[in-house]
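Here's the structure, in structure tokens; my notes come after.
The values are calculated or read from the model by the stated rules, or taken from the named source; none is laboratory data. Note that this is a predicted model, so its numbers are computed, not measured. Cβ sites come from the backbone with ideal geometry, for glycine too, and all protein chains shown count toward neighbours. Only protein heavy atoms, including side chains, enter the accessible area calculation; ligands, DNA and RNA are left aside. Shrake-Rupley method; radii C 1.70, N 1.55, O 1.52, S 1.80 Å.
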Amino acid sequence: MENLKVVVVGAGMGGLTTAIAMQRAGYEVEIYDRVSELRPAGAGISLWSNGVKVLNRLGLGPEISKIGGPMQQMAYYAKSGELLTRFSLSPLIEEVGQSPYPVSRTDLQMMLLEAVGESNVQLGRRCIAVEQNAEGATAIFEDGHRASGDLVIGADGTHSIIRTHVLGHKPERRYVGYVNWNGLVPASDDIAPLDSWDIYVGNGQRASVMPVGGDRFYFFFDVPLPKGTERDSTRFKPELSEHFEGWAKPVQNLIQQLDPDKTNRVEIHDIEPLETLVKGRVALIGDAAHSTSPDLGQGGCQAMEDAWTLANCLLTTSLSVEDALSRYEASRKERVAGIVLGARKRSNMTHGKEPEKTEQWYAELAKEDGQKIMNAISRTILAGPMG
């Protein structure tokens, strides 16, 4: 179909990528977000090859390669610092046909915003409802503004208002069971090699760093904790020092080098796979469609796959918008459900939900040459629409 007008609600990673894909398809696009200033949630993201391939296809390959980190190897350590396994990622990269790019979320958002055109994004618009009929769909905002188009795309995140319209009810967010601290620190070899994703494991906890652009590490710490524990940035360093007492020197160095005021502390949630991703002329993408824990590193990549698939479905049919969206749902529903459930299963294993399975995983890591890990990552990447 040609000459469509597309209303995108949400200017995060998924919404901006979708807007770019729609612009590249030749459609008129309006983008709205409730915030007064765009500030990406989280410090960094492990952008795996399937997400990078979408950006390549949208003409952003040179840009993402400049801001992505040089991740060439991967290593697991016991909490004591004992090396469990270290291996090159070259076989994975050769198999899937593209390097991964760990990246600062701010850098990624600014890259996408420049590509879509900052003037095309209207901020301070809080969507409160959506209406549709046989001719089009309309997003309705708290200030009374109404944005109408041939379709409305809900890219409004894990707390999505548009998802409630599509489903007819508001699904519950499910606490996965752990707290995640994340941020950025200057890259230094007293924390990890500058081209390596290093992960320390023990007690159902993780401490990890990966390189991003600008000679920085993206770091995260995971600790299983009850829901509702206090978030106080002045306590972040002593809190982490307590949880990771006795862990290896690089973990201690990381804790000391982080800036508490620039560190996020998040209780990780997901949502059960949705029964539908579309309703008539309204479609969900990104966290609105498949809010997942970060344990497969696929949240952002799946939003990018959504964007590409949705644009292709619209471009390759002349029947109707509704038909295109139903094809989008058919293409994406099983794929994203598998990611949500796969991330949940991995989270349970890595965070001690069943302690004997976690201990078995630690033992297996000590015998791992990297092939099993890379095979699992490869299967996830190659199952996507970009191959």
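What to note about this one:
- Here, the stretch 265-340 yields an orientationally averaged convex hull projection of 5.0 nm² when only Cα atoms define the hull.
- Alpha-carbon centroids, the stretch 339-381 and the stretch 127-185: separation in whole Å: 32
- Taking every protein chain into account, the accessible area of the stretch 1-107 amounts to 38 square angstrom per residue (probe 1.4 Å).
- Here the dipole of the chain is about 380 debye; that uses its Cα centre as origin and unit charges on the Cβ of Lys and Arg (positive) and Asp and Glu (negative).
- With every protein chain in place, the stretch 252-387: carbon and sulfur % of accessible area (1.4 Å): 52
- Share of carbon and sulfur in the accessible heavy-atom surface of the stretch 46-97 [1.4 Å probe, %]: 49
- Using the Cβ-Cβ distance between LYS237 and ASN375 with R0 = 35 Å, the FRET efficiency computed as 1/(1 + (r/R0)^6) comes to roughly 0.40.
- FRET efficiency for GLU368 and SER188, using Cβ-Cβ distance with R0 set to 22 Å, rounded to 0.05: 0.25
- Taking all protein chains into account, the per residue accessible area for the stretch 143-255 stands at 40 Å² (1.4 Å probe).
- Protection-proxy order for peptides 306-313, 127-134, 355-362, 65-72, each taking the mean of Cβ atoms within 10 Å per residue, highest first: 306-313, 65-72, 127-134, 355-362
- Cα gyration tensor shape of the stretch 1-43, rounded if a/c is under 1.5, else prolate or oblate by comparing a/b with b/c: prolate
- Stretched out straight at 0.36 nm per residue, the stretch from GLU322 to VAL35 would grow longer than its current Cα-Cα span by 100.3 nm.
- Hydrodynamic radius (Kirkwood) for the stretch 125-269, which is based on Cα pairs only, to one decimal in Å: 18.2
- Of the complete DSSP H runs in the chain, those spanning 24 angstrom or more by Cα along the long axis with a mean Kyte-Doolittle score not below -1.0 are 299-315, 321-350.
- Here the ratio of the Cα radius of gyration of the stretch 275-387 to 2.2 N^0.38 Å is 1.29.
- The chymotrypsin sites (Phe, Trp or Tyr not before Pro) of the stretch 150-249 include none that meets both criteria, a DSSP state outside H, G, I, E and B (loop) and at most 12 other C-beta atoms within 10 angstrom of the site's C-beta.
- The smallest convex shape that holds all Cα atoms of the stretch 1-116, its convex hull, gives 127 Å³ per residue.
- Largest-first principal axis extents of the Cα set of the stretch 323-370 (Å): 50, 25, 9
- P(r) tail fraction, the stretch 190-293 - alpha-carbon pairs more than 16 Å apart, %: 66
- Here the mean projected area of the convex hull built on the C-alpha positions of the chain is 17.9 nm².
- Cα-Cα over 20 Å, subset of LYS262/LYS353; LYS66/LYS372; LYS279/LYS333; LYS79/LYS237; LYS345/LYS372; LYS237/LYS262: LYS262/LYS353; LYS66/LYS372
- Calculated mean residue ellipticity, 222 nm, the chain: -11000 deg cm²/dmol, from DSSP H runs (n ≥ 4) at -39500 (n - 2.57) each, averaged per residue and rounded to 500.
- Overall dimensions of the stretch 108-209, expressed as equivalent-ellipsoid semi-axes from the Cα gyration tensor (√(5λ), whole Å, largest first), are 40, 21, 11.
- Ranking ILE191, ILE255, HIS290 by Cα position along the charge dipole of the chain, where only Lys, Arg, Asp and Glu carry charges on their C-beta atoms, puts HIS290 farthest toward the positive end.
- Loop-located chymotrypsin sites (Phe, Trp or Tyr not before Pro) across the stretch 6-73 with a Cβ neighbour count of 16 or fewer within 10 Å are lacking, with loop assigned by DSSP.
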